[in-house]
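> Dropping the structure in here first, questions after.
Just so you know, all these numbers are worked out from the coordinates, no wet-lab data involved. Just so you know, these numbers come straight off a predicted model, no measurement behind them. Cβ placement follows ideal geometry from the backbone for every residue including glycine, while neighbour counts extend to all protein chains displayed.
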Amino acid sequence: MKMTFRWFGETDDNITLGQIRQIPGISGIVGALYDVPVGEVWPEEEIMALKKQVNDAGLSLEVIESVNVHEDIKLGRPTRDRYIENYRQCIRNLAAAGVKVICYNFMPVFDWVRTDLACPLSDGSCAMAYDNSLLKDMTPEELVNRVAQTSNGFKLPGWEPERLGALKNLLEQYQGVDEEQLFQNLKYFLDGILPVCEETGIKMAIHPDDPPWSLFGLPRIVTCGKNLERIVRMSDSPCNGLTLCSGSLGANRANDIPALIRHFGAMGRIPFAHVRNICFTGDRSYHESAHLSSDGSLDLYQIMKAYHDIGFDGYMRPDHGRAIWSEKARPGYGLYDRALGVTYLNGLWEALEKAGK
Ligand code: CS2
Ligand code: MN
């Protein structure tokens with residue numbers, strides 16, 4: 001297992017590479033170029049500059065999260081071929097810089113969705129929360145505005161209130177796209193890019209939908225074991241893999257995370273693991289919690305044991321943390337709680353290693 005840490009770059013993160021390097025057991029950064037518009041090729045020089053910066057700090061840059069997929073590909077519009085060609089070039093450029101895994105998602109319109117980005121917890125910290133009873137009576141526009149107004153200046157990923165016009169337009173375009181169509185559009189995309197992945201050795205790792213159910217009538221397909229199975233079987237290529245995100249999939253109580261890890265891990269289809277906990281507050285409602293099992297609803301020991309039992313040698317990272325110790329950071333991506341998460345996960349791992357001997 002290679003423990004990594006997500007970093008948003010020098011201008012977009014309050015955390016430095018020097019700080020990350022001091023977290024015990026971290027070997028690399030999960031990075032991205034955040035200023036390249038979705039659908040465009042990531043320039044080689046910019047990738048190399050990021051790599052150099054990360055390597056100079058004594059860390060590796062082998063995982064990218066994310067190369068986002070243009071909506072025209074998800075919508076299956078005729079213009080998709082141009083964007084798929086760009087994606088292929090982007091894979092080549094990343095491979096030339098030594099990248100091994102690309103995380104991506106196939107969620108229409110929204111990336112992760114929460115109804116609160118700074119929900120106060122009883123210990124005085126804040127965490128992101130999702131309350132389905134709030135969401136079900138809201139329009140997408142109301143959600144975007146609510147989050148922007150109640151979350152200390154932070155917004156839903158990609159949805160600044162100034163872009164609400166684009167949101168309406170995009171939602172209309174999805175009206176003819178159901179789950180089946182979205183599966184087919186994913187297959188078309190994978191058929192286009194996987195040959196380049198095989199040539200270059202890059203593994204693609206699709207991130208689950210977060211939360212793993214349909215929102216605002218939009219189709220969502222990366223949600224459960226059955227659908228993950230359909231996705232990995234769309235192509236037998238070992239490059240067609242998953243980002244197994246415990247917190248995203250775990251929001252659906254029917255998803256047995258250790259069982260999913262064992263199943264897809266045994267197939268060699270988990271190049272990247274996101275490990276975090278959530279605490280249920282209702283049927284489809286939860287807040288994020290510290291990584292520790294007793295702080296949330298998921299059993300992190302069983303999750304780490306499943307990775308250990310399959311001999312997991314891919315990349316892992318802690319996922320969202322709480323905002324603690326007065327840190328002003330991006331929601332979910334502060335230094336302190338994620339660093340505590342790493343240390344806890346490494347502790348579980350060491351115990352599993354030694355118990356197995
Ligand atoms: C991430 C996702 O912050 C997060 O929750 O796990 O936003 C993830 O980066 C994307 O969905 C992957 O494309
Ligand atoms: Mn995740």
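> Obtain the radius of gyration and the Kirkwood radius of the stretch 104-217 from its C-alpha atoms and give Rg over Rh.
Across the stretch 104-217, the Cα-based Rg/Rh ratio is 1.04.
> Further question: Measure out, as a whole number of angstrom, how far apart the alpha-carbon centroids of the stretch 53-119 and the stretch 130-172 sit.
Distance between centres, Cα-based: 22 Å.
> Run through every distinct alpha carbon pair of the stretch 2-355 and return the Kirkwood hydrodynamic radius in angstroms, one decimal place.
20.5 Å
> Which cysteines in the chain lack any other cysteine whose Cβ sits under 4.7 Å from their own Cβ?
Cys90, Cys103, Cys119, Cys126, Cys224, Cys245, Cys279
> What number comes out for the charge environment of Asp35, summing +1 per Lys or Arg and -1 per Asp or Glu over other residues with Cβ under 11 Å away?
Result for the neighbourhood of Asp35: -3.
> Treating cross-link reach as a plain straight distance, find the lysines whose alpha-carbon is under 23 Å from the alpha-carbon of Lys100, omitting any fewer than eight places away in the same chain.
Of all the lysines, those that pass the test against Lys100 - Cα under 23 Å, at least 8 places apart if same chain - are Lys2, Lys51, Lys52, Lys187, Lys203.
> Among DSSP bridges having both ends in the stretch 2-355, what percentage is antiparallel? Round to the nearest 5. Each step should come with its number before you reach the end.
Working: 13 of 40 bridges.
Of those bridges, close to 30 percent are antiparallel.
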